[in-house]
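The values are calculated or read from the model by the stated rules, or taken from the named source; none is laboratory data. Computed from a prediction, not measured in an experiment: that's the story for all the values here. As a convention, Cβ positions derive from the backbone with ideal geometry for all residues, glycine included, and neighbour counts pool all protein chains shown. Note: areas computed on protein heavy atoms with side chains; ligands, DNA, RNA excluded. Shrake-Rupley method; radii C 1.70, N 1.55, O 1.52, S 1.80 Å.
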Amino acid sequence: MDEESELIQPQDQSCWATLPDVCLCRVFWWLGDRDRSRAALVCRKWNQMMYSADLWRYRTITFSGRPSRVHASEVESALWYVKKFGRYLERLEVKFLNPYNAVLTKKFQVAMRGLLSCLSKSNNRLKSLSIQHLELDRLVWRNSIRSSFIRSLSFFLKKMGKHLDYLNLKGARLTVEQGCHILDSLSHLRNENVISELNIEDYFSHHLAVYSSPQFKKTMSTFHNLVSLNLNYNCISDELLENLCENASTLWTINIKCHIHDPHGQVIWGMSWAKLARQATNLKVNFYFERIMKYERLARILLQEIPVRSISLRSCYFSDPDWSMRPTLTDLLPTFRHTLQKLTFEFNNNHESLDEELHLLIISCRKLFYFKIWAFLDVRFVERILKSQKERQCALRTLKVRIYTNRYETNEEDRTLREIYRKYRKLIDSELSYFVIAYPMM
């Protein structure tokens, strides 16, 4: 019996012992931290797989903004694993969701201080860091807590800045001085940094005229390798565009958000944009407007020299009977008909019909492949677009429409939309990502 056991045992183990590393690594990839630690107890090979660098290159840590024992234990576990396997990390994402009070922001600040300190000592692989939506201007961030966090993050970036390729601090909500202090850490003891992708959308607090700050212009002059840049329009100035021109050969994308509460009345010369477009031959600029809908304001921002690829206009259900979208659709946006590829509209046009203007705009933009609109429209507007698509007057690949109505019931609109779908089903199924719905706006 003992001899049989000795013969059978190696044969039984061989099924697992000979499992290819690629397959085993894939199994471990889908396991959570606790399940990985349990699986590591199975055998020596599985224990070795636990320490595979491939498993720990990417990490997302979520801090709950509400008191919870479950979330607290999850965070402690996540931090322990990051400290244990932090030397393998290449991409780290940290989320802190709507902190409830100063006690939680203090816990977050202490946890991040330990985490960043550990990584700065053991890691030399980190290429990407994302810490989004901190909203540091909220009252739950006491001055001492905020200052301690900024100090820890700045110290970390001073040590790791020479490795980082991607930095996302979207929604930090800092003062100009605080924000520039953090960004300057990336080029500590150097005149430049290696960041190629930078996201500082909503990085500064609302109402700040960042474009007039000499400190911000000096800080941005250290970014010599940018490929992609996300920021708010209140950061744009002629001097910033001049800085970008100096190293424009790598620049591909600028995403600009313009919010009603951000200062956006600065004068930018068209020649500044034209020079940047000449230097950065592959440059595409994407604009995202929130509650800035009046033609006069848009015309000051959307200069014809800008190589605009995408425009998003959202009014967030606000209605103004003195406002008209027609001049924007007929006079302003057609200026970019040779470059526009994506259009997104969300507005309350209950006081005016825009079906004809929208249809003509779509037809005039020959490169347009994505069109999304939430507005008061006639149901037959969809049919007109599909007819133009069938006749090759436009080349859309995505069509998303939410048709607002002033009635509680949308049975009639739904029936018409079904008829339109049946009529153009072959076209829709073969060419379009298609979503159309009637929506009561009451």
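The distance between label points at Asn225 and Asp54 comes to 2.7 nm (points 7 Å beyond Cα on the Cα→Cβ vector).
Overall dimensions of region 57-153, expressed as equivalent-ellipsoid semi-axes from the Cα gyration tensor (√(5λ), whole Å, largest first), are 22, 15, 11.
Got a sec? Which residues in region 87-107 would a label at Ser148 touch, if it sits 7 Å along Cα→Cβ and we count backbone N under 14 Å? Hits in region 87-107 for Ser148 at 14 Å: 102-107. Once you have a ≥ b ≥ c as the square roots of the Cα gyration tensor eigenvalues for region 15-55, tell me rounded if a/c is under 1.5, and otherwise prolate or oblate according to whether a/b is larger than b/c. Oblate. In Å, the Kirkwood hydrodynamic radius of region 291-442 over pairs of distinct alpha carbons? Taking the inverse mean of 1/r over all distinct Cα pairs, region 291-442 comes out at 16.0 Å. Separation of region 328-388 and region 153-190, taken as the distance between their Cα centroids, equals 40 angstrom. Counted by Cβ distance under 14 Å from Glu239, the other residues give a net charge of 0, where Lys and Arg count +1 and Asp and Glu count -1. Nonpolar atom fraction for region 108-181, defined as the carbon and sulfur part of the 1.4 Å probe accessible area, stands at 48 percent. A 1.4 Å probe run over the protein chains yields, for the chain, 51 Å² of accessible area per residue, whole-number rounding. Beyond 31 Å between alpha-carbons counts as too far, so tell me which of Lys367/Lys426; Lys107/Lys400; Lys284/Lys423; Lys95/Lys218 fall in that bin. Result: Lys107/Lys400; Lys284/Lys423 exceed 31 Å. Two tests apply to each whole DSSP H helix in the chain, Cα reach of 20 Å or more along its axis and mean Kyte-Doolittle hydropathy of at least -0.5, and the ones passing both are 69-85, 102-122, 143-160.
Orientation-averaged projection of the chain equals 29.1 nm² [convex hull of Cα atoms, one quarter of hull surface area]. The base-10 log of I(q)/I(0) for region 362-442, evaluated at q = 0.20, 0.21 Å⁻¹, reads -0.87, -0.95 [Debye formula, identical scatterers on Cα atoms, solvent excluded].
Calculated FRET efficiency, Glu409 to Leu139, Cβ-Cβ distance, R0 = 45 Å: about 0.50 to the nearest 0.05. Of all the options Ser154, Ser37, Ser315, the one that moves most in a Gaussian network model of the chain with Cα springs shorter than 10 angstrom is Ser37. Extension gain for the segment Val27 to Arg66, taken as residue separation times 0.36 nm less the Cα-Cα distance, is 10.8 nm to one decimal.
Between Trp374 and Phe345, Glu346, Phe347, Arg402, the built amide H atoms are under 5 Å apart, and every one of these is 5 or more places off in sequence or on another chain.
Taking other residues whose beta carbon is less than 11 angstrom from the beta carbon of Leu329, and scoring Lys, Arg as +1 and Asp, Glu as -1, yields -4. Across all C-alpha atoms in region 217-304, the radius of gyration and Dmax reach 12.7, 36 Å.
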